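Q: I have a structure here, written as structure tokens, and I will follow up with some questions on it.
The values are calculated or read from the model by the stated rules, or taken from the named source; none is laboratory data. Small disclaimer: the values here were computed from a predicted structure and weren't measured. Heads up, the Cβs are rebuilt from the backbone with ideal geometry, glycines too, and the neighbour counts pull from every protein chain shown.
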Amino acid sequence: MVESRDWNAYNTKLVNRGRPSTYLSEALKKHDKDLIEINRGKVGSPYRYSFMLIFGAFAIKCVDKKGYREATGTVFDYLLFYGVTYCPNFRTVQWRIQQLEKEGIKLMVYQSIEREEQDIDVIVDSTGMKSRKDGEYRSDMYGKIKEWKQLHIAISRKTHKILCMKITKAHSGDANQFVSMMKPIVDRKRVSSSIADGAYDSNENFEFCGVNGINPIIPVHISAVGRVGNIFRKRAIEEQFGFDRRPHAHRKYWFPGKEKRRQNQDKWRDETNFHQRSLVETVNSVFKGVFDESVFSKTSKMIEKELLLKAVIYNAFIA
């Protein structure tokens, strides 16, 4: 039975996305105290602002798709309404974001793992992000090749929050990223199952799931055979295709035909709720709808930081 959506709560969530208070209220609560503490004993160095204020300004820039100048203008008006006159300018916000360490931002993303229940179901997928916002006219008229980055994400089936994110070059392959995506999650929580499409079918991925006690809901290729590969993938092939273990004169197993394999695998998909993999497609769609399908940063290093910070914003304010 499909659960009915609470449309009032959904409407409120969309309204709150456009309110500056959503991103700045926490920074405003301790604004004066933070400024005094951060700038205590300051001599000659630039005036310092709290990270929550910088992060709030960056969130407004990303969600409202504004420039740094316009975003700081929104922040200034909001703070001025509450009698706060100290506000960072756009150069300060941009510089502070550039100074953030990538590993520190990853730890902020991993915080969503800590808030999950002990047994979590993880859904993994990838999508493309434009690294340069060129329109069709520019590409067709001037022969500009569109540049892409591959965005790999792992989400929680229950909360739809991003648990891990990885950015690679376009066409880097999905299967090679599965273990590195799952390892930070497994190190922090017990994972019950992992759902992914057929692009993640590999011996290494099934072995990782088997060793860590994860149920791999990953469809194997329709022409896969049970004679090669590790024991974990062989077990998945038998489970999905329904091999007959009765002994025959000249072979150990009876291999169903391709049509029968498809029927057995479709039945397996229904029994294991593989269709819930579509939830990650929804997250990809929301992520691109809120933040745009292209990035505004220019260098690979900043593109990675930008997308990781957007994942933090998504978990904190959007999901």
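Q: Can you tell me which residues in region 153-209 are of a type in the set (S, T, Y), in contact with a strand residue (DSSP E or B) (Cβ under 6 Å, 6 or more places away or on another chain) and either more than 20 Å from V312 (Cβ to Cβ) or buried (at least 19 other Cβ atoms within 10 Å of the Cβ) (or both)?
A: Within region 153-209, S156, S172, S192, S193, S194 meet the criteria.
One line per residue, one yes/no per condition, for (1) more than 23 Å from S297 (Cβ to Cβ); (2) β-branched (V, I, T); (3) surrounded by 12 or more Cβ atoms within 10 Å (Cβ to Cβ):
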| site | (1), (2), (3) |
| --- | --- |
| Y78 | yes, no, yes |
| E103 | no, no, no |
| K106 | no, no, yes |
| V109 | no, yes, yes |
| V124 | yes, yes, yes |
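Q: Name the residue that is nearest to F317 (Cα to Cα), counting only residues in region 32-73 that are in contact with a Leu (Cβ under 9 Å, 6 or more places away or on another chain) and of a type in the set (S, T, Y).
A: S50
Q: Show me the strands (runs of 3 or more DSSP E) found entirely inside region 69-180 where at least 1 residues are of a type in the set (S, T, Y) and without any contact (Cβ under 8 Å) to a residue 24 or more places away in the chain.
A: Values: elements: 119-130, 148-156, 162-169.
Once the strands (runs of 3 or more DSSP E) in region 69-180 are filtered for at least 1 residues that are of a type in the set (S, T, Y) and without any contact (Cβ under 8 Å) to a residue 24 or more places away in the chain, what remains is 162-169.
Q: Please go through region 41-65 and pick out each residue that is within 22 Å of the chain's Cα centre (by Cα) and not β-branched (V, I, T).
A: Residues satisfying the conditions are M52, F55, G56, A57, F58, A59, K61, C62, D64, K65.
Q: Could you tell me how many of the residues in region 5-47 are crowded, with 17+ Cβ neighbours inside 10 Å and modelled with pLDDT under 90?
A: 5
Q: Identify the residue in region 301-319 that is assigned to a helix (DSSP H, G or I) and in contact with a strand residue (DSSP E or B) (Cβ under 8 Å, 6 or more places away or on another chain) and, among all such residues, is nearest to R17 (Cα to Cα).
A: Checked region 301-319; the qualifying residue nearest to R17 (Cα to Cα) is Y314.
Q: Tell me the residue from Y78, Y68, Y23, Y49 that is under 29 Å from L163 (Cα atoms), in contact with a Pro (Cβ under 6 Å, 6 or more places away or on another chain) and not small (G, A, S), please.
A: One residue alone meets the criteria, Y49.
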